[in-house]
Amino acid sequence: EPKTVIVTGASSGVGLWSAKALADLGWHVVMACRDLAKAEAAADATGIATDRRSLLPIDLASMDSVRGFVADFRKTGRRLDALLCNAAVYLPRLTEPMRSPEGYEISVATNYFGHFLLANLLLPDLQRGVAPRLITLGTVTANSEEFGGKVPIPAPADLGDLAGLEAGFRAPVAMIDGKAFKPGKAYKDSKLCTMIMSRELHRRFHADTGIVFNTLYPGCVADTPLFRHAPAAFRTIFPWFQKNITKGYVSQPLSGERAAQVVADAGFAASGVHWSWGNRQRAGREAFSQPLSARASDAARNARLWDLTAKLTGLA
Ligand code: NDP
């Protein structure tokens, strides 16, 4: 039986190219996507072998949909060896918060709550897998150990004292810290939370389950559709800037190969690691493990974040 991986958001960008790289390594890829027609067309265009892929619907912003996905996956009877938490929305131009079916701010609901629920529900399935791994896409902007994490535009990730989550995270609350809505910061906060989630999963479950829990930053994949809601000038300048000034630019196929390595390669078997290739790309550059910033390492707050999220996602 080939190894099976679930990739969320496999209809474009990093997720699509991760699916391609893993299928090429002989894995069966379950593409967990909200638009199956789009995902299928993307899989065809990318050349993902039809016998190495299947498609299952999921809307990560909806807690019911996440539960439905898990039920659908179990019906396939496949063993689960890896989960790649990749899907995300970035909506920097919203002036008002968009809401999920449960009434939560949409980027935190999609990028963080959906993956938190999915990861927790699939732990027993992963535990029965072969050398199982649960890998989460982090980002440099959520990590103050790297230069990108220090850029204060529009504001760095900051979870404050979690007052927004504490208050139930429904309107009028839109930010985890309970402060005024800033759409770009909502994305950064959500990504910081997924990185903390991975560390908490490692701390709580690695020793007992053997599951490997890691995050990665594949480099700046400046031309994925993630930036489709950013202003047109930004979408022209940003890839150029990343290619020529910061030298952080990474192509979509290379980002997929990197994520696939973290999912599948024997060299990435340690758990509790944030893998990075750094900001300045060079040919043949190898991954290194990187410490997370103080923002991601406050043990008491991370435990509270876990408990509040479990409540808001209906797990606790
Ligand atoms: P894309 O916008 O290309 O891909 C995002 C994927 O998530 C799409 O497949 C999208 O589906 C899916 N998605 C969005 N909302 C939902 C939802 N509610 N339910 C299910 N799927 C959903 O972005 P990237 O490939 O650039 O980003 C992928 C990951 O990589 C993200 O976690 C991002 O934070 C991370 N990352 C990206 C970097 C970059 O420079 N691009 C750098 C570092 C990390 P649909 O096609 O239907 O919209």
Condition check: closer than 25 Å to LEU117 by Cα and either part of a loop (DSSP other than H, G, I, E, B) or at pLDDT below 75 (or both). Does ARG295 satisfy that?
yes
So MET31 fits all but one of (1) buried (at least 24 other Cβ atoms within 10 Å of the Cβ); (2) within 13 Å of the ligand (Cβ to nearest atom); (3) more than 27 Å from CYS193 (Cβ to Cβ); what number is the exception?
(3)
Within the stretch 80-97, tally of residues that are within 13 Å of the ligand (Cβ to nearest atom) and either at pLDDT 95 or above or out of contact with any helix residue (DSSP H, G or I) (no Cβ under 9 Å at 6 or more places or on another chain) (or both)
6
All positions within the stretch 218-243 that are of a type in the set (Gly, Ala, Ser) and either at pLDDT below 75 or closer than 18 Å to SER107 by Cα (or both)
ALA230
Check whether at least one residue in the stretch 34-53 is under 24 Å from PHE227 (Cβ atoms) and touching a Pro at 6+ places or on another chain (Cβ under 8 Å), and report yes or no.
yes
Among (1) buried (at least 19 other Cβ atoms within 10 Å of the Cβ); (2) touching a Phe, Trp or Tyr at 6+ places or on another chain (Cβ under 7 Å) - the single one LYS243 does not satisfy:
(1)
Expected single match for more than 30 Å from ARG128 (Cβ to Cβ) and in contact with a helix residue (DSSP H, G or I) (Cβ under 9 Å, 6 or more places away or on another chain) among VAL212, VAL250, VAL263 is VAL250
Among MET197, MET175, which is at pLDDT 95 or above, surrounded by 16 or more Cβ atoms within 10 Å (Cβ to Cβ) and within 16 Å of the ligand (Cβ to nearest atom)?
MET197
Examine the stretch 7-29 for a residue that is under 22 Å from ALA131 (Cβ atoms), among the β-branched types (Val, Ile, Thr) and touching a residue at least 60 places away in the same chain (Cβ under 8 Å), and state whether such a residue exists.
yes
Scan of the stretch 64-79 for residues that are buried (at least 22 other Cβ atoms within 10 Å of the Cβ) and within 12 Å of the ligand (Cβ to nearest atom), ordered by number:
VAL66, PHE69
For the stretch 10-26, which residues satisfy the criterion of being open to solvent by 20 Å² or more (accessible area, probe 1.4 Å) and part of a loop (DSSP other than H, G, I, E, B)?
SER11, SER12, LEU25, GLY26
Considering each of ALA61, ALA42, ALA23 in turn, give the residue that is within 9 Å of the ligand (Cβ to nearest atom), in contact with a Lys or Arg (Cβ under 9 Å, 6 or more places away or on another chain) and of a type outside the set (Ser, Thr, Tyr).
ALA61
Are any of the residues in the stretch 207-220 of a type in the set (Val, Ile, Thr), within 18 Å of LEU126 (Cα to Cα), open to solvent by less than 20 Å² (accessible area, probe 1.4 Å) and away from the ligand (no atom under 12 Å from the Cβ)?
yes
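The values are calculated or read from the model by the stated rules, or taken from the named source; none is laboratory data. Everything quoted here is computed from the prediction, not taken from an experiment. All Cβ positions, glycine included, derive from the backbone under ideal geometry; neighbour counts span all protein chains shown. Heavy atoms of the whole protein, side chains included, go into the accessibility calculation; ligands, DNA and RNA do not. Shrake-Rupley method; radii C 1.70, N 1.55, O 1.52, S 1.80 Å.
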